[in-house]
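The block underneath contains the structure these notes are about, expressed in structure tokens.
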Amino acid sequence: MLRSLASVTLIAAASAGCLFAAQPPGRQPADWIVEARYVITMDATHRVFENGAVALRGERIVGVGTQSDIERQFTAEHLLKKPRSLLMPGLIDTHTHAAMSLFRAIADDRRLNDWLTNFIFPAESRNVDKDFVHWGTSLACLEMALAGTTTYTDMYYFEDEVAATTKAAGLRGVLGQTVIGFPAPDYKTWQEAVRGAARYIDTFAHDSLIVPAVAPHAIYTTPDEALVAAHKLALQQNVPLLIHLSETIKEREDTLAQRHISPTQVLEQLGVLDGRVVAAHSISMSDDDLVLLKKHGTGVAHCPSSNMKMAAGVAPVTKMLKMGIAVGLGTDGFAGSNDSADLILEMNLAAKLQKVATMDPQSLPAEQVVEMATMGGARVLGLEKEIGSLEPGKRADLIGISLEHPNAVPLYHLYSQIAYATKAPDVEDVFVNGKQIVIGRRMVTLDKDEIYRQAERYKIQIEKSLAGR
Ligand SMILES: [Zn+2]
């Protein structure tokens, strides 16, 4: 009896690929070894390994180096060989509104005020519920993962549903429950929204993929009392506070006229800049405003596509980076302000926008903009110890980019290749938290056909809802 039990155990161990049983002496176990032509680490010295490899165990990276070093140190259950790809940290989107993917292109080429009050707010009040948020977020997660985004930052409604959907997709999210000064699809008052945010934060407080956050919309839509209450909650729970700041010249001019101080000074006087704050846009900023951001360690989500499409202006990113302010990249919402979740495109545009704004081609060079999309984003979100680079101990969030394209041959300079020549469809493989969620350009955690069906159903519903506008 004892003998047969023992043999069953051995077979089970062998079929599960037990690493300890067959492990050569001196080698550590890993779940994955991923090998590529180049491994771009984005660590403190920006090391790059030619014929490099990354070893993953559980949710973490356990080794990074040359293929021969990693093979000497680790034995793995799965080996992924990508001799014509480069591996790099997963991209980090520091500002978007994922579920708005279902509103893509319903109203373009308009001023922010017109777009918000005449299209987006009515469309949201007539259509947004939990089901809408589920399918909109699913569609966005599909697009983001296929474009190499492994962490994204969201400001929307029904954020508990956004979080559940994001977890099911296998993506990492810093997800902020909106607090706004008028009746929203999920909460009728800002007081209810703050209470709802508290419950949501409790639910996801210790999640390995979700960082819950609170997201007062902006100073011109959210009363001061609500800003202060949202901030108090963020401090109590030690979670990020996400907010739109100085997105337009109008926001700045109106605030100066009404309060005789800038939007950034309003936040400072209310005490809202203390803690983990992510300020999206930050376009219309004086030098004094930038000093305040630096003083409080506020991170900036720079959204070049959105800022250009809305003719909102150019954020002083070159100046911010010189001052040591943390700056990451954001795509912003899919409807009106941007029409895709493509951070590779945002790198390209961010670099070019700074060059044309400063009339200096040396502004925001390729390597620095790749840093913004990875470690820069991690710093903005306060997650620099967890994500943003390929280093042992960090979360296993990495992407493989194919180099088998006309736009990758010949290859002289890796950072220029990524920032200026790579396209989102070149992303082939995506790992988040040690799990491969995109295999050969196919997302394995979501049912794409069902998502497309639901998106078509929503198109009909949304068009009907706006017909009698
Ligand atoms: Zn936004």
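The values are calculated or read from the model by the stated rules, or taken from the named source; none is laboratory data. Note that the coordinates shown come from a computational prediction; the quantities given were computed from them, not determined experimentally. FYI the Cβ positions are ideal-geometry reconstructions off the backbone, even for glycines, and counts take in every protein chain you see. Areas reflect the complete protein model, heavy atoms only, side chains present, ligands, DNA and RNA absent. Shrake-Rupley method; radii C 1.70, N 1.55, O 1.52, S 1.80 Å.
Points to keep in mind about this one:
- From the options Leu256, Leu292, residue that is closer than 28 Å to Pro212 by Cβ and assigned by TED's automatic domain parsing to the domain that holds Val174: Leu292
- Ala76 being open to solvent by 10 Å² or more (accessible area, probe 1.4 Å) and either more than 30 Å from Ser282 (Cα to Cα) or more than 16 Å from the ligand (Cβ to nearest atom) (or both): yes
- Residue check, Ala419 surrounded by 21 or more Cβ atoms within 10 Å (Cβ to Cβ) and outside the structural domain of Ala123 (by TED's automatic domain parsing): yes
- Residues of region 232-265 classified as within 21 Å of Gly313 (Cα to Cα) and more than 16 Å from the ligand (Cβ to nearest atom), total: 11
- Some residue of region 370-387 being more than 16 Å from the chain's Cα centre (by Cα), at pLDDT 95 or above, of a type in the set (A, V, I, L, M) and open to solvent by less than 40 Å² (accessible area, probe 1.4 Å): no
- One residue alone among Val438, Val369, Val430, Val409 is among the β-branched types (Val, Ile, Thr), closer than 30 Å to Leu242 by Cα and without any contact (Cβ under 8 Å) to a residue 60 or more places away in the chain, and that residue is Val369.
- Residues in region 297-312 that are more than 15 Å from the ligand (Cβ to nearest atom) and surrounded by fewer than 17 Cβ atoms within 10 Å (Cβ to Cβ) were compared, and the one that is modelled with the highest pLDDT is Gly297.
- Filter pass, Arg126 being within 16 Å of the ligand (Cβ to nearest atom) and either open to solvent by 10 Å² or more (accessible area, probe 1.4 Å) or among the β-branched types (Val, Ile, Thr) (or both): no
- Qualifying residue in region 121-133 (condition: without any contact (Cβ under 8 Å) to a residue 60 or more places away in the chain and within 26 Å of Gly377 (Cα to Cα)): yes
- Those residues of region 150-169 which are open to solvent by less than 10 Å² (accessible area, probe 1.4 Å) and away from the ligand (no atom under 16 Å from the Cβ), in sequence order: Thr150, Thr151, Ala163, Thr165, Thr166, Ala169
- Scanning region 129-140 for residues that are open to solvent by 60 Å² or more (accessible area, probe 1.4 Å) and assigned to a helix (DSSP H, G or I) yields Lys130, Asp131.
- Region 79-123 - residue that is within 15 Å of the ligand (Cβ to nearest atom) and open to solvent by 60 Å² or more (accessible area, probe 1.4 Å) and, of those, farthest from the chain's Cα centre (by Cα): Asn113
- Test: residue in region 141-149 that is under 23 Å from the mean Cα position of the chain (by Cα) and either open to solvent by 20 Å² or more (accessible area, probe 1.4 Å) or basic (Lys, Arg) (or both): yes
- Residues satisfying the stated conditions in region 313-343, i.e. within 30 Å of Trp135 (Cα to Cα), among the charged types (D, E, K, R) and either over 15 Å from the mean Cα position of the chain (by Cα) or near the ligand (Cβ under 10 Å from one of its atoms) (or both): Asp332, Asp339
- Arg172 within 16 Å of the ligand (Cβ to nearest atom), at negative phi, of a type outside the set (Phe, Trp, Tyr) and open to solvent by 10 Å² or more (accessible area, probe 1.4 Å): no
- Residue in region 192-201 that is in a strand (DSSP E or B), at negative phi and at pLDDT 95 or above present: no
- Per-region count, region 26-43, residues more than 13 Å from Gln436 (Cα to Cα), in contact (Cβ under 8 Å) with a residue 12 or more places away in the chain and open to solvent by 30 Å² or more (accessible area, probe 1.4 Å): 4
- Test result for Ala350, in the same structural domain as Arg60 (by TED's automatic domain parsing), buried (at least 24 other Cβ atoms within 10 Å of the Cβ) and touching a residue at least 24 places away in the same chain (Cβ under 8 Å): no
- Residue check: Val48 meets all listed conditions (1) among the hydrophobic types (A, V, I, L, M, F, W, C); (2) closer than 19 Å to Gln368 by Cα; (3) touching a His at 6+ places or on another chain (Cβ under 8 Å) but one, namely (3).
- So Asp360, is it under 19 Å from the mean Cα position of the chain (by Cα) and surrounded by fewer than 19 Cβ atoms within 10 Å (Cβ to Cβ): no
- On inspection, Val162 passes the criterion of being under 27 Å from Val430 (Cβ atoms), at pLDDT 95 or above, assigned to a helix (DSSP H, G or I) and touching a helix residue (DSSP H, G or I) at 6+ places or on another chain (Cβ under 8 Å).
- If you go through region 297-324 and keep only what is in contact with a strand residue (DSSP E or B) (Cβ under 8 Å, 6 or more places away or on another chain) and free of Cβ contacts under 8 Å to residues at least 12 places away in the same chain, you end up with nothing.
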